[in-house]
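Read through the structure below, which is laid out as structure tokens, and then see the notes.
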Amino acid sequence: MKTVGAGAAVTSIAGCLGGSGGTGGTIKIGHIMPVETDNGLGSERSAQLAVDQLNENGGILDNDVELVTADSAAQPSEAHSAVTEMINRENIQMLVGTVVSEVALSLADLVAENDLPFLITGAASPRIFAENHAQNYDQFKSIFRPGPVNSIKQAEYLAQYGQFLSEEHGWDTMAVVSEDAAWTQDITDMTASLLEESGIDVAVNERVALDTNDWTPILDQVESSGAQTMIGALSHIPITGMTSSWSRNEYPFSLDGVMIAAQSPQFWSDTQGTAEYLSTATSAADGFADITPKTSEVMDAYQSEYDSRPTTPTFVGFITHDAINLYAEAVERAGTANHREDIDSIVEELQATDFEGSYGQIQFQGPDDEYPNDVYPGEGPGDEFAPFTITQWQAAEDGNGIGDTDGTKRCVWPETYQNGDHQTPSWM
């Protein structure tokens, strides 16, 4: 693995691959993520795991595969500089990653100008495809998203999850709290109205600043509203303090939704156990349920290789691992990895993808669909295609939890993959 970016020396420039891709060169895969985060590092490790496994099985088109990685620091300018270096100096043949939608949006023109296959594995904004592919498909045809489902589908699924919680516990009042970021706008616009259409009162529908660090006013507002759950859409904001405050002060509502920090296998220890009862959407149920036969394979391989934080692939890692493997299959079918001379053949085979990954079956929407090249969402959150799973932090029944803790995760929704019941906080 090679690192590029600030302070990192680039030691070689790969020669161009020939038309078949099988010229004895090296196929370089670029990876861009905020690697100081658990999701970013889990993705980088999962990418390296996929590359190592490919090399153990002959590489791609009889070429060795090398991972070139950079830290985006979750900033568009940092990501743009790093990817420019990957393209111009490292001659990468494919780019994978991004968890911040603003970063993915900022890279679209750059990768399109270079006809570079770009597989997005974390950023969820539908704008990436609605504002690019839908306007000029031929220009942006090399950009795909194997997962997650876009935030419009997430908004719908969160409303369905709210309906499930209402049926399960008799809750009739809810709050929706979203961070002020591109990926959450659809959740603010849609989730509350969909809940209300189902007969649930939404007493709070707020957006909070990305620099929020005092959660007391927000938690107090949700409590005063009478909401029985706060459905959050929180990715970039640290929530360790919020979670601890919610638990220790026994706020009389549940915490549910998309809580990215809570996806980390170390979140229980980060919060000293106060994460108990918090639930969050994630991919592959974070490896704690068998979504496909490949889920446990990737989980086991990762844990055999890495024993430091994060101790599981994380939400993004499963998708990144899948993305590299489905790209490898597409390139093998195309007979070339030379995107500069034959991007059409590569795009055609990516469009033909029908891949069983670790987080679900992956197909892409067509050029004439509403979101061209976005992952096909199937018929609902429990469908085999790109399933939307929600796990809850719970106390391990035998006390043998993750690492040396007594906390574990169980998949509580959708029913297709459920291996535990959703628990209400003991103080409610």
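For this structure, a couple of remarks:
- Residue list for region 311-333, filter: more than 17 Å from Ser296 (Cβ to Cβ) and either in contact (Cβ under 8 Å) with a residue 24 or more places away in the chain or not in a helix (DSSP H, G or I) (or both): Val316, Thr320, Ala323, Ile324, Leu326, Tyr327, Ala328, Glu329, Val331, Glu332
- Odd one out for Val316, checked against (1) under 17 Å from the mean Cα position of the chain (by Cα); (2) more than 26 Å from Pro34 (Cα to Cα); (3) of a type in the set (A, V, I, L, M): (2)
- Among residues of region 86-104, those that are out of contact with any strand residue (DSSP E or B) (no Cβ under 7 Å at 6 or more places or on another chain) and within 23 Å of Tyr359 (Cβ to Cβ), counted: 3
- Some residue of region 228-249 being buried (at least 19 other Cβ atoms within 10 Å of the Cβ) and charged (D, E, K, R): no
- When region 53-66 is filtered for residues that are crowded, with 17+ Cβ neighbours inside 10 Å and either farther than 22 Å from Gly25 by Cβ or touching an Asp or Glu at 6+ places or on another chain (Cβ under 8 Å) (or both), the ones remaining, listed by number, are Ile60, Leu61.
- Thr314 touching a Gly at 6+ places or on another chain (Cβ under 8 Å), buried (at least 18 other Cβ atoms within 10 Å of the Cβ) and of a type in the set (Ser, Thr, Tyr): yes
- Any hit, region 284-292, residues being surrounded by fewer than 24 Cβ atoms within 10 Å (Cβ to Cβ), among the hydroxyl-bearing types (Ser, Thr, Tyr) and within 23 Å of Asp374 (Cβ to Cβ): yes
- For Pro367, the test of being under 13 Å from Ser283 (Cα atoms), outside any strand (DSSP E or B) and touching a residue at least 24 places away in the same chain (Cβ under 8 Å) is failed.
- Some residue of region 258-269 being closer than 16 Å to Gly382 by Cα, small (Gly, Ala, Ser) and in contact with a Pro (Cβ under 8 Å, 6 or more places away or on another chain): no
- Options Ile187, Ile200: the member that is closer than 24 Å to Ala284 by Cα and in contact with a helix residue (DSSP H, G or I) (Cβ under 7 Å, 6 or more places away or on another chain): Ile187
A short reminder: the numbers here are calculations on the coordinates, not readings from a lab. Everything numeric in this text was worked out from a predicted model, so none of it was measured. Cβ coordinates were reconstructed from backbone atoms using ideal geometry, including for glycine residues, and neighbour counts include every protein chain displayed.
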